[in-house]
Amino acid sequence: MPHPYVLLSAAVSLDGYLDDTGPERLLLSSPADFDRVDEVRASVDAILIGAGTIRADNPRLLVNSPGRRAARTAAGRPEYPLKVTVSGSGDLDPAARFWHTGGEKVLYTTDKGAERARALGLATGVVPLGADIDWRRLLTHLHDDRGVRRLMVEGGGLIHTQLLTQGLADELQLVLAPLFVGDPEAPRLFGPGGYQSGRLRLLETRRIEDVVLMRYEPTAPGTGSLPTAADHHWLALACELAAQCPPSDTAFSVGAVVVAADGTELARGHSREGGDPLVHAEEAALAKTDPADPRLAGATVYSSLEPCARRASRPAPCARLILDAGVRRVVTAWREPDTFVAGADGSGLLAAGGVRVLVLPEHEERAKAPNRHLPH
């Protein structure tokens, strides 16, 4: 289901702590970075923090700049982003500043937590998610029911850990402060969990007074039938590659990327690449890989269009090439229509060969865009 773009934001000490154990909040960011955070807040549709952050810090969670608030209202947006919190128990202080400043608020909780929250009379909308906190259901509700397209998550560490290990974070904005905490009882940014293997992609580094901002993007594909944020990133790239295809009236424009389990891009390709009028995107990408590469067995192929099951121009269709390469996971945006081949079912051929196929229809319009001139 569609989710917002999830941006995790945090500042940490050099030894990875979010705070110390003193009575006052440890200020890790610089004044200029606090202003940057305010700018990011003004750019998003919602800001989320956990119940523990409300209890520990009693934040207001506002856009502080009058100019940025005015720009939001001039653009037809609420003065403040939606404020979101998550609590399994629903046991929160009704007098906390979170509820009484800014614009709209919403609490996501369990069924039992909803009963407690309503009994406390919290000044917020309450959304029960079932017996436990279901992050995918939460994000889908924010997207579909509250119109949230960009979500900023400001903590705490448990929430950051859960979103990253479940593959639901699109971006991590991490500020490194030049100090040490050294207290094992102090809260850390990340806890133990099943994080992606391999390296994240560095998007940006920036010095801001005496702190450093680092922006990272998770890259590792998912492993099952539930898509990760990285799956969406790679499929979006495949759709971008489709737009690079030389136009044709007799074939689709398709892009494809082959990605190893640790997030390493192995190859990419697009239809009619290199002046070959017959080559397909998956074919072009797989031709650049080493057939003996052991990473292919754990790789994912991202294709803007379902890999073909039948073709007249080559001995083997793309679905067969994927099977022969040993790939066992394919993510695509669009099932092949009957434009050139009636009853095309590359997904069926792949599934029969033991390949898991995911179709992410959120990307379908982008995949179709370079093919609008074709019939059907």
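The values are calculated or read from the model by the stated rules, or taken from the named source; none is laboratory data. Computed from a prediction, not measured in an experiment: that's the story for all the values here. Glycine gets a Cβ as well: all are built from the backbone with ideal geometry, and neighbour counts include every protein chain shown.
Numbers below:
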read-out: Restricting region 1-40 to residues that are surrounded by fewer than 14 Cβ atoms within 10 Å (Cβ to Cβ) and small (G, A, S), the residue that is modelled with the lowest pLDDT; value: G22
read-out: Residue ID - modelled with the lowest pLDDT, chosen from residues in region 141-167 that are in contact with a strand residue (DSSP E or B) (Cβ under 7 Å, 6 or more places away or on another chain) and over 21 Å from L226 (Cβ atoms); value: G155
read-out: Number of the condition not met by T161 [criteria: (1) assigned to a loop (DSSP other than H, G, I, E, B); (2) without any contact (Cβ under 8 Å) to a residue 60 or more places away in the chain; (3) buried (at least 16 other Cβ atoms within 10 Å of the Cβ)]; value: (1)
read-out: Wholly enclosed strands (runs of 3 or more DSSP E) of region 197-267 bearing at least 3 residues under 29 Å from L14 (Cβ atoms); value: 201-208, 211-217
read-out: Residues of region 352-376 satisfying the condition of being over 26 Å from the mean Cα position of the chain (by Cα) and either at pLDDT 95 or above or crowded, with 20+ Cβ neighbours inside 10 Å (or both); value: A352, G353, G354, N371
read-out: Options A114, A169, A95: the member that is of a type in the set (A, V, I, L, M), out of contact with any Asp or Glu (no Cβ under 6 Å at 6 or more places or on another chain) and buried (at least 20 other Cβ atoms within 10 Å of the Cβ); value: A169
read-out: Residue list for region 180-200, filter: in contact (Cβ under 8 Å) with a residue 40 or more places away in the chain and either surrounded by 15 or more Cβ atoms within 10 Å (Cβ to Cβ) or among the aromatic types (F, W, Y) (or both); value: F180, V181, A186, P187, R188, L189, F190, Q196, L200
read-out: Residues being within 17 Å of V37 (Cβ to Cβ), free of Cβ contacts under 8 Å to residues at least 60 places away in the same chain and either in contact with a Gly (Cβ under 8 Å, 6 or more places away or on another chain) or polar (S, T, N, Q) (or both) - total across region 64-117; value: 5
read-out: L296 farther than 15 Å from V355 by Cα, in contact with a strand residue (DSSP E or B) (Cβ under 8 Å, 6 or more places away or on another chain) and not in a loop (DSSP other than H, G, I, E, B); value: no
read-out: Selection status of G155, assigned to a loop (DSSP other than H, G, I, E, B), free of Cβ contacts under 8 Å to residues at least 60 places away in the same chain and of a type outside the set (A, V, I, L, M); value: no
read-out: Selection within region 255-275 - surrounded by fewer than 24 Cβ atoms within 10 Å (Cβ to Cβ) and not basic (K, R); value: A260, A261, D262, G263, T264, E265, L266, A267, E273, G274, G275
read-out: Condition broken by T109, with the remaining ones in (1) polar (S, T, N, Q); (2) loosely packed, with under 14 Cβ neighbours inside 10 Å; (3) closer than 30 Å to G22 by Cα satisfied; value: (2)
read-out: Count of region 327-370 residues which are touching a Cys at 6+ places or on another chain (Cβ under 7 Å), of a type in the set (A, V, I, L, M) and touching a residue at least 60 places away in the same chain (Cβ under 8 Å); value: 2
read-out: Qualifying positions in region 201-224 - surrounded by 17 or more Cβ atoms within 10 Å (Cβ to Cβ) and of a type in the set (A, V, I, L, M); value: V211, L213, A220
read-out: Filtered residue count, region 103-117, keeping only those that are more than 17 Å from A46 (Cβ to Cβ) and at pLDDT below 95; value: 0
read-out: Single residue of region 234-254 satisfying the filter (within 17 Å of the chain's Cα centre (by Cα) and crowded, with 21+ Cβ neighbours inside 10 Å) that is farthest from E365 (Cα to Cα); value: W234
read-out: Filter result for the condition that a residue is farther than 15 Å from W234 by Cβ and either touching a residue at least 60 places away in the same chain (Cβ under 8 Å) or of a type in the set (S, T, N, Q) (or both), over T300, T289; value: T289
read-out: Among residues of region 322-366, those that are part of a helix (DSSP H, G or I) and in contact with a strand residue (DSSP E or B) (Cβ under 8 Å, 6 or more places away or on another chain), counted; value: 4
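Residues checked against (1) within 27 Å of the chain's Cα centre (by Cα); (2) in the same structural domain as G263 (by TED's automatic domain parsing); (3) not polar (S, T, N, Q):
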position: P277; (1), (2), (3): no, yes, yes
position: E282; (1), (2), (3): yes, yes, yes
position: A285; (1), (2), (3): yes, yes, yes
position: G298; (1), (2), (3): yes, yes, yes
position: C308; (1), (2), (3): no, yes, yes
position: S313; (1), (2), (3): no, yes, no
position: A316; (1), (2), (3): no, yes, yes
position: A325; (1), (2), (3): no, yes, yes
